[in-house]
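No value in this document is a laboratory result; all are computed from the given coordinates. In this text the structure is predicted, and so the values were computed from the model without any measurement. Cβ placement follows ideal geometry from the backbone for every residue including glycine, while neighbour counts extend to all protein chains displayed.
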Amino acid sequence: MPSTFDYNPQAKYEVRSFDVPYQEALGQPLEATIYQPEGDGPFPAILFVHGGAWNAGTRTGQEIFNTGLAAIGLVIV
């Protein structure tokens, strides 16, 4: 089966990140952060789920890791 995209882990991309509201709870927006390589896609994506149960850590606690993955051509949500 042919791939729908050509992924090259040796490629290096500039990364942009932005927050997207996906739900509202108690009048406050809940947001997902997208880390996206700049350039022509499509890019493969990884869904990163922070497992802190709203008690420990934050969704931005893995920013360095997620930015690094996006820099090699992966979209992180």
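State yes or no: is Val20 of a type in the set (Val, Ile, Thr), without any contact (Cβ under 8 Å) to a residue 60 or more places away in the chain and in a loop (DSSP other than H, G, I, E, B)? Before the answer, list the steps.
Working: of a type in the set (Val, Ile, Thr): yes; without any contact (Cβ under 8 Å) to a residue 60 or more places away in the chain: yes; in a loop (DSSP other than H, G, I, E, B): no.
For Val20, the condition - of a type in the set (Val, Ile, Thr), without any contact (Cβ under 8 Å) to a residue 60 or more places away in the chain and in a loop (DSSP other than H, G, I, E, B) - is not met.
Filter the stretch 27-77 down to the residues that are farther than 18 Å from Lys12 by Cβ, assigned to a loop (DSSP other than H, G, I, E, B) and aliphatic (A, V, I, L, M) and list them by number.
Matches in the stretch 27-77: Leu47, Val49, Ala53, Ala56, Val77.
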